[in-house]
Every structure is written in structure tokens, then in C-alpha cells.
1. I'd like the FRET efficiency for Val35 and Asp15, computed as 1/(1 + (r/R0)^6) with the beta carbon distance as r and R0 of 22 Å, rounded to 0.05.
2. Skipping prolines and chain starts, which residues have an amide H placed within reach, meaning under 5 Å, of the one on Leu36, given they are 5 or more residues away or on another chain?
Amino acid sequence: MKEAVVKFREFWGVDKRAALIESLDAHDFDAGYEVLNPKASNKFLLRSGTALADYEGWPALSDLVH
């Protein structure tokens, strides 16, 4: 079974609508997209960016309410 590829591209600002329409007309659909690697350790993050270096060491919510 082939794994899915998750890609992210942010459209923002006053020209957002025009940029979205332009991206649909683009011949290179992958242009401007960043490949993401969602996994349990990054809470299946579906946006670009990185967590703080010690993020995985933070207590879980369930640890705080016991």
C-alpha cells in the first residue's frame, strides 16, 4: 500500500482569491506546496512549522488533571 503525501500551501492576504484561482490554472500543480510529515509525535500537524525542541517532553493534558 502506498503512503499518502500531505502537502501544504498557505494563501493569505488581500490577493488570496486571485492566488487561489491562479493556482488552479497553473500547469505545475505542486509549485509552492511544502511536503509535510504528520505523525503522532507532532500531533499529526497539517501546517508548516516546527514545534519547540522540548515539545515532546511537555506533560499531556491527562497528566495535568489527575
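1. Values: r = 24 Å, r/R0 = 1.11.
Plugging the Cβ-Cβ distance into 1/(1 + (r/R0)^6) gives 0.35.
2. Counting only residues 5 or more places away or on other chains, the set is Val6, Lys7, Phe8.
Each reported figure results from applying straightforward, stated rules to the coordinates on display, with no laboratory input. Given the structure is predicted, the values throughout are model-derived calculations rather than measurements. Cβ: placed from backbone, ideal geometry, glycine included. Neighbour counts: every protein chain shown.
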